[in-house]
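Shown next, in structure tokens, is the structure this report addresses.
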Amino acid sequence: MNFAEPIQYLRDNLKKVKIAMWICIAGSLVFDVCIKLFGAHHGAEHGEHHVLTLAEKIYIWAETVPCFWSIFGLICTILLIRVMKGLSHTVLMRKEGYYE
Amino acid sequence: MNNFIHPAIFFIFGALLIPLIPKKFKKIFLLGLPLIAFYCVLTMKTGVYGAYNYLDFNIVFGRVDRLSIVFAHVFTLMSFIGVLFGIHVEDDSQHIASYFYVGGSLGVVFAGDYLTVFIFWEMMALASTFLIWFRREPASLKAGQRYLLMHIFGGLLLLGGIFLHYQNTGTIAFVQLFPENAGIAEYLILAGFALNAAVFPLHAWLPDAYPEATVTGAVFMCAFTTKTAVYVLARGFQGFEVLAIMGTVMTIYGVCYATIENDMRRILSYHIISQVGYMVAGVGIGGALAINGACAHAYAHILYKALLFMGAGSVLMMTGTSKLNELGGLYKYMPLTMIFYIIGGISISGFPFFSGFVSKSMVIAGAAEGGHQYLMMLMLLAAVGTFLSVGLKLPYFAFFGKDCGIKPKEPPKNMLWAMGIAAFLCFIIGVYPKALYVLLPYKEAALEFHPYNMAHMSETLQILLCTGLGFFLLLKRLQPEDKINLDFDWFYRNILNGFIWFDQNIIQKIDSVWGNVWKNVGIKVLMMSIARFFAWFDRWAIDGVVDNVAYGTRWIGDKARKIQTGNLQNYLALAILMIFVIVGVHWFL
């Protein structure tokens, strides 16, 4: 089996990959909104909050906000890249063999 | 079967036998011992074995409980995978070092007293140093030297703590300590353990040394040193708040550096710090859920981190480089390696149906349950960074990026099999977490934890997908650069350089000046004066006495010879004279 072929196909059709990715993100957002609107209410009615998991208990107010984790993920990624790259270029970065 | 056979025995004695085994049986021997050791762990029963009294110390080689079993389980399993990965290596010394290393780790895991812990702890440090040196590159020799110095420093902290602890308590039993009773001794022991766990700011040895180890050595090293440290922290320091905070700092610190690093194995090394941070935080938070989470994450981490190091090591071995700026487009030539690496990458990132999802969420839930919501949020931030650097950046630039022109082959089959087994285990744990949960120290609490629920899946998918979005939006900014980044090793490298400078410029100058002073004043004036005095004394005092005694004897002999005339009358007169002299003397006295 040639594993490289499907990857090559995806590389050649980057537009389709991007569309698929946007669909996935949109799907996950819709899914989260549905859970926030219906899931919590349904869970409360059936007393399912006893299950000890991170997501079925509300620990911080932000967890009640629909799509909070999407915003969290995106902001954290951008911050990590911008802050660390900035720090690297201004303070930390040295040429290879700096210690030699 | 309830007899305890210490699994470390197979590795330590096995290491000694390796050079004696004929070549055609060597592979069977090398692979067989980890399997036997794994079987011993599977069949052992809880209890205390191998307890001896030596010099009034209670030495315990085999304390078996649920905590030690879970670590021994994954250590022996990992040793088989690691040996399989490196079975093509014909250098016996590498196998011997890795066997001693695993033996040391297992010795620590079953130790019931600090003395035994210390002995096996140092065995691990020494054996792992050789796994760096055996790469036989100038950079490896230097990195190994720094690694050894750091671990000797950690060992001294530990030994100092053990001595003080014994002085204070009169016991060397390795048991749970409590923050409210902890003093200098206990914090010294904690610092010794924390150095091996690469707790910030004692972490810099790890990304300094691991990228310089041999390809197979790095696979072993990523699994044992830090996880043994997590074990001893879980054994002795549960609920120490400082660990919860430092562990969370580690989770962030590791991913921050992984985002900007260029070398594959250095990125993965920083990720060890990050992932071990979850475990250290879990131990510090304490409680059944967090401790279970720390152990589960250690178990899962050993497998997926080894898988990632195997993937990176394969790339290094087949292309000759592990720098992302020199790699790209490897999916065409190393597709199996790429697939296995990606399984490791999505496992560490906590994708549903892979091991990281069922273990990391337990630690995070433990933090939230313990009332540490801010730690929970920081750990989730670290999870974002993990996916960004190991799940996206590294495979993108190594396997999918612009073709680098290198056309490597897949690594040898044994390496692919080892990666395949590790990848399979990552998947199995992900889809059937109960297999891992039943091994955990607090089994009931573990079985009550359900990682698969709608809200958790939604949260995870959102974080991962939006991290992916952020990555592609800022892809240009993440282009790897042929540079290094300063870390805390800057301090100890400069301290070391400062020490060498001080030695070369101050100590040697003082030595040189003192040498001249000694030569001109000490030798020429002082020593020569003393020598002259002794020469004079020898000539006039020693020789004078000896010579004059000789002269005197000769003179007396000369005179006495004249008395001996041979006339009997003279002798008789002399005898009578002597009698008169004696009587006279006696009379007057």
Identify all residues within region B:303-336 that are crowded, with 24+ Cβ neighbours inside 10 Å and hydrophobic (A, V, I, L, M, F, W, C); write none if there are none.
B:Leu303, B:Ala306, B:Leu307, B:Leu308, B:Phe309, B:Met310, B:Ala312, B:Val315, B:Leu324, B:Leu327, B:Leu330, B:Met334
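If you take the residues of region B:102-157 that are in a helix (DSSP H, G or I) and of a type in the set (Lys, Arg), which of them is surrounded by the fewest Cβ atoms within 10 Å (Cβ to Cβ)? Please lay out each step first, then the result.
Let us first name the residues in region B:102-157 that are in a helix (DSSP H, G or I), namely B:102-110, B:114-133, B:138-157.
Those left that are additionally of a type in the set (Lys, Arg): B:142, B:146.
Details: B:Lys142: 17, B:Arg146: 20.
So, considering only residues that are in a helix (DSSP H, G or I) and of a type in the set (Lys, Arg), the one surrounded by the fewest Cβ atoms within 10 Å (Cβ to Cβ) is B:Lys142.
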Mind counting the residues in region B:316-335 that are within 11 Å of another protein chain (Cβ to nearest Cβ) and in contact with a Gly (Cβ under 8 Å, 6 or more places away or on another chain)?
1
Qualifying positions in region A:1-39 - basic (Lys, Arg) and either more than 9 Å from chain B (Cβ to nearest Cβ) or closer than 24 Å to B:Lys407 by Cβ (or both)
A:Arg11, A:Lys15, A:Lys16
Return only the number of the condition from (1) free of Cβ contacts under 8 Å to residues at least 24 places away in the same chain; (2) closer than 30 Å to B:Glu90 by Cβ that B:Phe163 does not satisfy.
(2)
The residue from B:Ile302, B:Ile273 that alone is among the aliphatic types (A, V, I, L, M), touching a residue at least 24 places away in the same chain (Cβ under 8 Å), touching a His at 6+ places or on another chain (Cβ under 6 Å) and more than 14 Å from chain A (Cβ to nearest Cβ) is B:Ile273
Note on region B:386-399: residues within 24 Å of A:Cys76 (Cα to Cα), within 13 Å of chain A (Cβ to nearest Cβ) and of a type in the set (Phe, Trp, Tyr) are B:Phe387, B:Tyr396
Could we say that B:Ala37 is hydrophobic (A, V, I, L, M, F, W, C), closer than 14 Å to B:Ala72 by Cβ and surrounded by 15 or more Cβ atoms within 10 Å (Cβ to Cβ) here?
yes
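So which residues in region B:446-463 are more than 7 Å from chain A (Cβ to nearest Cβ) and either under 13 Å from A:Phe31 (Cβ atoms) or surrounded by 22 or more Cβ atoms within 10 Å (Cβ to Cβ) (or both), if there are any at all? Break it down stepwise before answering.
Here is the first cut: in region B:446-463, the residues more than 7 Å from chain A (Cβ to nearest Cβ) are B:446-447, B:452, B:457, B:460.
Those that are more than 7 Å from chain A (Cβ to nearest Cβ) and either under 13 Å from A:Phe31 (Cβ atoms) or surrounded by 22 or more Cβ atoms within 10 Å (Cβ to Cβ) (or both): B:Ala446, B:Met457, B:Thr460.
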When both residues are 6+ apart or on different chains and their Cβ atoms are under 6 Å apart, which pairs have a first residue that lies in region B:449-463 and is without any contact (Cβ under 8 Å) to a residue 12 or more places away in the chain and outside any loop (DSSP other than H, G, I, E, B), and a second that is surrounded by fewer than 23 Cβ atoms within 10 Å (Cβ to Cβ) and aromatic (Phe, Trp, Tyr)?
B:Ser458/A:Phe31
Any pair with Cβ under 7 angstrom, 6 or more apart, that starts in region A:73-96 at a residue that is over 17 Å from B:Ala383 (Cα atoms) and ends at one that is assigned to a helix (DSSP H, G or I):
A:Lys85/B:Ile260; A:Lys85/B:Arg477; A:Ser88/B:Ile260
Of all residues being away from chain A (no Cβ under 11 Å) and at pLDDT below 90 in region B:410-445, which is surrounded by the most Cβ atoms within 10 Å (Cβ to Cβ)? Just the residue, please.
B:Lys443
B:Phe29 within 23 Å of B:Ala435 (Cβ to Cβ) and part of a helix (DSSP H, G or I):
no
Which listed residue is loosely packed, with under 14 Cβ neighbours inside 10 Å, at pLDDT below 85 and closer than 30 Å to B:Leu336 by Cβ, from A:Glu100, A:Glu5, A:Glu45:
A:Glu5
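Which one is surrounded by the fewest Cβ atoms within 10 Å (Cβ to Cβ), of the residues in region B:344-386 that are part of a helix (DSSP H, G or I) and polar (S, T, N, Q)?
Residues of region B:344-386 part of a helix (DSSP H, G or I): B:344-348, B:355-369, B:373-386.
This time we only want the ones that are polar (S, T, N, Q), so: B:347, B:355, B:359, B:361, B:373, B:386.
Values: B:Ser347: 33, B:Ser355: 32, B:Ser359: 33, B:Ser361: 28, B:Gln373: 15, B:Thr386: 26.
Only one residue fits best here, namely B:Gln373.
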All positions within region A:64-81 that are more than 7 Å from chain B (Cβ to nearest Cβ) and under 18 Å from B:Leu473 (Cα atoms)
A:Ile71, A:Ile75, A:Leu79
Just the residues that are free of Cβ contacts under 8 Å to residues at least 24 places away in the same chain and either part of a helix (DSSP H, G or I) or in contact with a helix residue (DSSP H, G or I) (Cβ under 9 Å, 6 or more places away or on another chain) (or both), please, taken from region B:34-63.
B:Tyr39, B:Thr46, B:Tyr54
Please give the number of the condition B:Gly183 fails out of (1) surrounded by fewer than 21 Cβ atoms within 10 Å (Cβ to Cβ); (2) touching a residue at least 60 places away in the same chain (Cβ under 8 Å); (3) of a type outside the set (A, V, I, L, M).
(2)
Tell me, yes or no, whether region B:159-173 has at least one residue that is touching a strand residue (DSSP E or B) at 6+ places or on another chain (Cβ under 6 Å), surrounded by fewer than 22 Cβ atoms within 10 Å (Cβ to Cβ) and either modelled with pLDDT of 95 or more or in the same structural domain as B:Pro19 (by TED's automatic domain parsing) (or both).
yes
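Taking region B:464-483 as the search range and keeping residues that are of a type in the set (D, E, K, R) and out of contact with any strand residue (DSSP E or B) (no Cβ under 7 Å at 6 or more places or on another chain), which one is farthest from the other protein chains (Cβ to nearest Cβ)? Before the answer, list the steps.
The first filter runs over region B:464-483 and keeps only residues of a type in the set (D, E, K, R), leaving B:476-477, B:481-483.
So of that shortlist, the ones also out of contact with any strand residue (DSSP E or B) (no Cβ under 7 Å at 6 or more places or on another chain) come out as B:476-477, B:481.
Values: B:Lys476: 10, B:Arg477: 6, B:Glu481: 7 Å.
The qualifying residue farthest from the other protein chains (Cβ to nearest Cβ) is B:Lys476.
The values are calculated or read from the model by the stated rules, or taken from the named source; none is laboratory data. Bear in mind the structure is a predicted one, so any value in this text is a computation, not a measurement. Using ideal geometry, Cβ is built from the backbone for each residue, glycine included, and neighbour counts are taken over all protein chains shown.
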